[in-house]
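First the structure, in the form of structure tokens, and then the observations on it.
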Amino acid sequence: MTAAGGGAPWWRSAVIYQIYVRSFADADGDGLGDLQGVRARLEHVRDLGADAIWLNPFYPSPQADAGYDVADYRDVDPRFGTLADADAMIAEAHALGLRVIVDLVPNHTSDQHAWFQAALAAPPGSRERARYLFREGRGAAGDDPPNNWSSNFGGGAWTRVTEADGSPGQWYLHLFAPEQPDLDWTNPEVHEEFESILRFWLDRGVDGFRIDVAHGLAKDPGMPDLDADGGFAAGGPARPGHPHWDQDEVHEVYRAWRRLTDTYPGERTFVGEVWVATPAQLARYLRPDELHTAFNFGFLLARWDAGAMRVAIDDSIQELAKVGAPPTWVLSNHDVTRHVTRFGGGDVGLRRARAAALLMLALPGGAYVYQGEELGLPEVRDLPDELRQDPTFARTGGAQKGRDGCRVPIPWSGDAPSFGFGPDGAWLPQPADWAALTVDQQVGDPSSMLSLYREALRIRREHPALGDGTMTWLPSSPTVLAFRREPGFVGAVNLGTDPAPRPEATAGLPVLLASGPLPDDGTLPGDTAVWYDGRR
Ligand code: GLC
């Protein structure tokens, strides 16, 4: 299974469909998606035309952060199924021509992980505590946290433990929820454990790993306070010099992992979740002996504006080219507001989302599609607070609503919730008007978002210019981005609201696909993208 049209590795061009397991399909009727549900619906992904799936964590977990608090890296949570289900899912995906990427969470474990339980039971200074970041508190009685770092989910990043004799004890670091203690990556035992976990899943046949918080593993050993004057405000971007993001030592971890995966046949791959401030920082993770690819959050964060998008695209392409890595493009995932809503919501948001999909899928490199974006799902804004599960909601006292609104189970069929998601409800309520957005409703409708994605991915597979490669910008009016890819492809997108003149280079070219209706008057309507057959 290599990419069409030559010997380039598959991951340089892949379209990877993100399956948020708990919200994809529920086979056992507990309201939570599961691996049997994934198996039953894999044909949807095949029919969409994706190359691979990435599954969010399905390991045993108390679910304090929707599975990103892993209690056992070598098993499946009973809520999601069994190891046998995982094996069957991998085999069935492969039989359908889909590669499988699983999620690896190396920055922290669950507080219920055997290692952390052992650390709590052991005294300060023990081997058990040395796997995590336990420190003495500040102040005479150690009552103050070791420094001023804060949790990504709100509140402080340190929690104090009670020692075995009942006295108030050390503090441990958690850059996320208190139920997610950070591991100490200066400890060789931690390295050995994760290499063994990688082997466990590689031996089961997975094609790669998505690395959670890949920029967070190493911390400045001095653990200095975050200095607001230096620009390192809590939750701020991972600028160079930040004491707990993007420290140089992380690169040695990925070099070791790359050496390991390279011993396996079949082009196994890594995609890093690397939230850093600049594409230049990102490129360092993608040097030839490190990770293969990383999510492109600069593109995801770019406004719907020709200038902003062009900068995001150019910066990624230029910086990644220096290390020989392909860019990837992503519009949505389980952590961000769905892009239909980000781009304005309603009809405008939908029109822009259609155009954005054609832009993303025509750019050089790979792309990610988050489940439900192929249906044009919006963010669900009005979830009842008592049903919200994202720890961000509780830890900010409700000031931040959190990420549940992009995690609502997706609609498959029927005219009432749970819309075929499962036999007995869904863990988050689906809006009633999603009846119009089900897969069944969209599949036979040539004007639907689903049909647009299917057609775009079909053309992308067949067209020799799409996927990995290069692009050249073409002259256009200010709100339009137009580009050529060889051999024989021209793309144009108008990110303005008003019609703009069509780029000259598109004159007379046959249309391969358009995100919306095209008038005969030679203009390109606002919020519209077009793919042209540019064979000269
Ligand atoms: C990543 C995940 C997010 C999770 C966090 C902590 O950002 O994508 O969902 O909450 O890491 O593991």
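Quick note: the coordinates plus some simple rules give every number you see, no bench work behind them. The model shown is predicted, which means the values in this text are computed figures rather than measured ones. For neighbour counting, all protein chains shown are included, and Cβ atoms are generated from backbone atoms with ideal geometry for every residue, glycine included.
Structural remarks
- Multiplying the residue separation of Asp314 and Ala95 by 0.36 nm and subtracting their alpha-carbon distance yields 75.1 nm.
- If the convex hull is drawn through the Cα atoms of region 444-536, its volume per residue in Å³: 101 Å³
- Distance between region 370-400 and region 83-124 - C-alpha centres, whole angstrom: 24 Å
- Modelled label positions at Ala394 and Thr82, each set 7 Å beyond Cα in the direction of Cβ, lie 3.2 nm from each other.
- The Trp473 and Asp143 beta-carbon pair, evaluated with R₀ = 56 Å, returns a calculated FRET efficiency of approximately 0.45.
- Region 111-198 - convex hull of the alpha-carbon atoms, volume per residue in Å³: 101 Å³
- Put in line by how crowded their Cβ is, counting other Cβ atoms within 10 Å and starting with the fewest, His292, His339 read His292, His339.
- Between region 180-198 and region 414-490, the alpha-carbon centres lie 39 Å apart.
- Helical mean residue ellipticity (222 nm; -39500 (n - 2.57) per DSSP H run of 4+; nearest 500) of the chain: -8000 deg cm²/dmol
- Per the Debye formula on identical point scatterers at the alpha carbon atoms of region 142-189, with no solvent, log10 I(q)/I(0) at q = 0.32 Å⁻¹ is -1.12.
- Debye intensity ratio I(q)/I(0), log10, region 360-513, q values 0.09, 0.10 Å⁻¹ (C-alpha model): -0.45, -0.54
- Across the alpha-carbon atoms of region 389-446, the computed radius of gyration and Dmax are 14.1, 45 angstrom.
- Rounded, prolate or oblate (a/c below 1.5 giving rounded, otherwise prolate when a/b exceeds b/c) for region 265-413 by Cα gyration tensor: prolate
- Share of Cα-Cα pairs in region 337-435 lying beyond 18 Å, as whole percent: 54 percent
- In region 123-270, Rg over Rh equals 1.02, where Rg is the alpha-carbon radius of gyration and Rh the Kirkwood radius from pairwise Cα distances.
- Net length gained if the chain between Glu486 and Glu43 were fully extended (0.36 nm per residue, minus Cα distance): 156.3 nm
- Region 325-373: proportion of alpha-carbon pairs further apart than 12 angstrom, %: 62 percent
- Stokes-Einstein diffusion coefficient of region 1-121, Kirkwood radius over Cα pairs, 20 °C, 1.002 mPa s, in µm²/s: 140 µm²/s
- Measuring r between the beta carbons of Asp262 and Ala432 and using R0 = 45 Å, the FRET efficiency lands at 0.35.
- Amide H contacts of Arg338 (H built 1.01 Å from N, under 5 Å, at least 5 apart or other chain): Glu379
- Backbone geometry of region 439-453 corresponds, through the Karplus equation with coefficients 6.51, -1.76 and 1.60 at θ = phi - 60°, to 3J(HN,Hα) couplings of 4, 4, 5, 8, 5, x, 9, x, 8, 7, 4, 4, 5, 4, 4 Hz, x marking Gly and Pro.
- In range of the label at Ser413: residues from region 444-475 whose backbone nitrogen is under 15 Å from the point 7 Å along Cα→Cβ: 444
- Summed residue charge, Cβ within 11 Å of Ala214's Cβ, Lys/Arg positive, Asp/Glu negative: -3
- Tail fraction, Cα-Cα pairs, region 199-344, threshold 26 Å, whole percent: 31 percent
- Count Lys and Arg as plus one, Asp and Glu as minus one, and take only other residues whose Cβ is under 15 Å from that of Gly139; the net charge is then -1.
- In Å, descending, principal axis extents of the Cα set of region 465-508: 32, 20, 13
- Each Cα pair under 8 Å and six or more residues apart adds its separation to the average, and for the chain the resulting relative contact order is 13 percent.
- From least to most packed, judged by other beta carbons within 10 angstrom and beginning with the fewest, His463, His244, His108 follow the order His463, His244, His108.
- Amide H contacts of Ala122 (H built 1.01 Å from N, in plane; Pro and chain starts excluded): no residue 5 or more places away or on another chain comes under 5 Å.
- Ranked for footprinting exposure by Cβ neighbours inside 10 Å, fewest first, Asp445, Asp315 give Asp445, Asp315.
- Descending principal axes extents, the chain, alpha-carbon based, whole Å: 81, 50, 47
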